[in-house]
Every structure is written in structure tokens, then in C-alpha cells.
Amino acid sequence: MRKIVLLTVTAALLVSFFLWRGDRKRESPSAEEPALTGSVHFETNFSPRLDTAGSGRPLLVFITDPNCPFCGRMREETFRDREIIQLCGLFTCVQITVSSPDADERLALFGLSLDRLPGTPTVLIAAPNGVVIEQITGFKAAADLAEVLHGTIFSLGKSAR
């Protein structure tokens, strides 16, 4: 019973913290808090035998197509959002471009192939051992993706930095 109460209180504190942080991000940055610039950095040259277990960080895999307008929109809008940049710092972020020669080999790491890919953009969230937890297909605005990332961090027991 004590564990349930403790878990409930911890969950409530984490949710409150993330909501509080979200409100602070809408305000203009203060002198103590420098503005983030740029976008999420995606590894594109990762080994097909990616060792994620050693890092202990979950994976965020962005599957993209250079000819997909929604992929470009996610790169330009979603992955340049201040909150998304901060949240992605808790993940190992990799990108798979479907037109690359080794796309099928890289997709196979996550149980997918070009034939079974539902479309682009697709974002996979995987545990540190590579097991896919969440698959999101189609454009996602920053707020929607942030909600998924918060849920993943919470479910994996990660704490915010």
C-alpha cells in the first residue's frame, strides 16, 4: 500500500513538474536561461548494429524521405521547437532516410522494412535495448510529439535533467 501511495505521489510530482516547465517555456527566456537555437541533432551514420544498451538512453528514430513535404515540415518546425530540443537531449536520436542504400538493413533493427513502412514521416520511440515502444506515422506538431516523449520518459522512469 505504501508503495502505491509513493508511486502515485511521485507520478503527480513529475506531471506537475513537466506542466510547470511547459508554462515556463512559453515565457521569453531570461538572462539566466539562454535561448536554444538550432534543431535536434540526428545521427545519420550509425552502425546497423547500433549498441544502445550501453548508453542507457531510449532511442528516437526519425524515418524520413527527401521528397516528403511533411518530413521537411517536421524538420523545420517540430524538431526546431525549444521543448522538443530539450526533450530529445534525453534520447539517442537517429535518422533513417528511406532512399539510402542501407535503409532496409537499418529499418530491420526495429522490425520494419521499406515494404512494411506505413509512410513517412515516421517516428519510432524505442527502449535502450532497441524494442519499439511507440510508432507515430505522419506529421506531428511539437506539442503532440512532446506529449509522447514525456510519456515515454515517465514510463521508462527517466527523470528530467
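No lab work stands behind these numbers, since they all come straight from the coordinates. Since this is a predicted model, take the numbers as computed values, not measurements. Positions of Cβ are backbone-derived with ideal geometry, glycine not excepted, and every protein chain shown enters the neighbour counts.
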request  = Mind checking the range 64-123 for GluC sites (Glu not before Pro) that DSSP puts in a loop (not H, G, I, E or B) and that have at most 15 other Cβ atoms within 10 Å?
outcome  = 77
query = How much length is gained if the chain between residue 147 and residue 132 is pulled fully straight, taking 0.36 nm per residue apart and subtracting their Cα-Cα distance, in nm to one decimal?
reply = 3.7 nm
remark   = Normalised per residue, the volume inside the convex hull of the alpha-carbon atoms of the range 36-155 in Å³ amounts to 96 Å³
